[in-house]
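Please treat every number below as a calculation from the coordinates, not as lab data. Here the structure is a predicted model, which is why all the values come from computation and not from measurement. Using ideal geometry, Cβ is built from the backbone for each residue, glycine included, and neighbour counts are taken over all protein chains shown.
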Amino acid sequence: MTRLLVDTNIVIDLLAKRIPFYKESGLLFSLADKNKLTLTISALTFANTNYILSRLKSAKEAQTILRKFKVLVETLALDDKITELALNDEKFKDFEDGLQYYTAIENQIDVILTRNQKDFRHSKLPVMNAKEYLAGMNIHGNKP
């Protein structure tokens, strides 16, 4: 089954119901709920998403949302090796993007999903936004 690393921006699109991206993110996570694909996120994404949701809602509401969300994804660890790789890769102007990328690499992820594709232009992995990925899927959720 295809394993996808979902970047923080797509997670927030879903949980904060950001228009116009909510529809695609909702469909993506619905497919994960139906076991049509495997969605992963880095531990960093949980922290960043909690921070952003806590600014939009109460801390308690943010935690409740994240608890419900957790069943849809596999959380990938952020470790010393990933941090070291990201710190020493000058191709990534944004340190967080480097952490996301090396989390994907170290966990044998098939595709990175993000709305900031330009930030991953040096990626050795395919990088798509949710709409592109969904357009390439067939009804059974196989690789595009």
Zone of Lys81's modelled label, taken as backbone nitrogen in the range 90-118 under 18 Å from a point 7 Å along Cα→Cβ: 98-110
³J(HN,Hα), Karplus 6.51/-1.76/1.60, whole Hz, each residue of the range 115-127, x for Gly, Pro: 8, 9, 4, 4, 6, 10, 5, 9, 5, 8, 9, x, 10
Reciprocal mean inverse distance between Cα atoms of the chain - Kirkwood radius, Å: 15.4 Å
The chain: calculated mean residue ellipticity at 222 nm from DSSP helix runs of at least 4, using -39500 (n - 2.57): -15000 deg cm²/dmol
Point-charge dipole on Cβ atoms (K/R +1, D/E -1) for the chain, about Cα centre, debye to 20: 700 debye
Gain in span if fully extended, Ser30 to Arg67, counting 0.36 nm per residue against the direct Cα distance: 11.7 nm
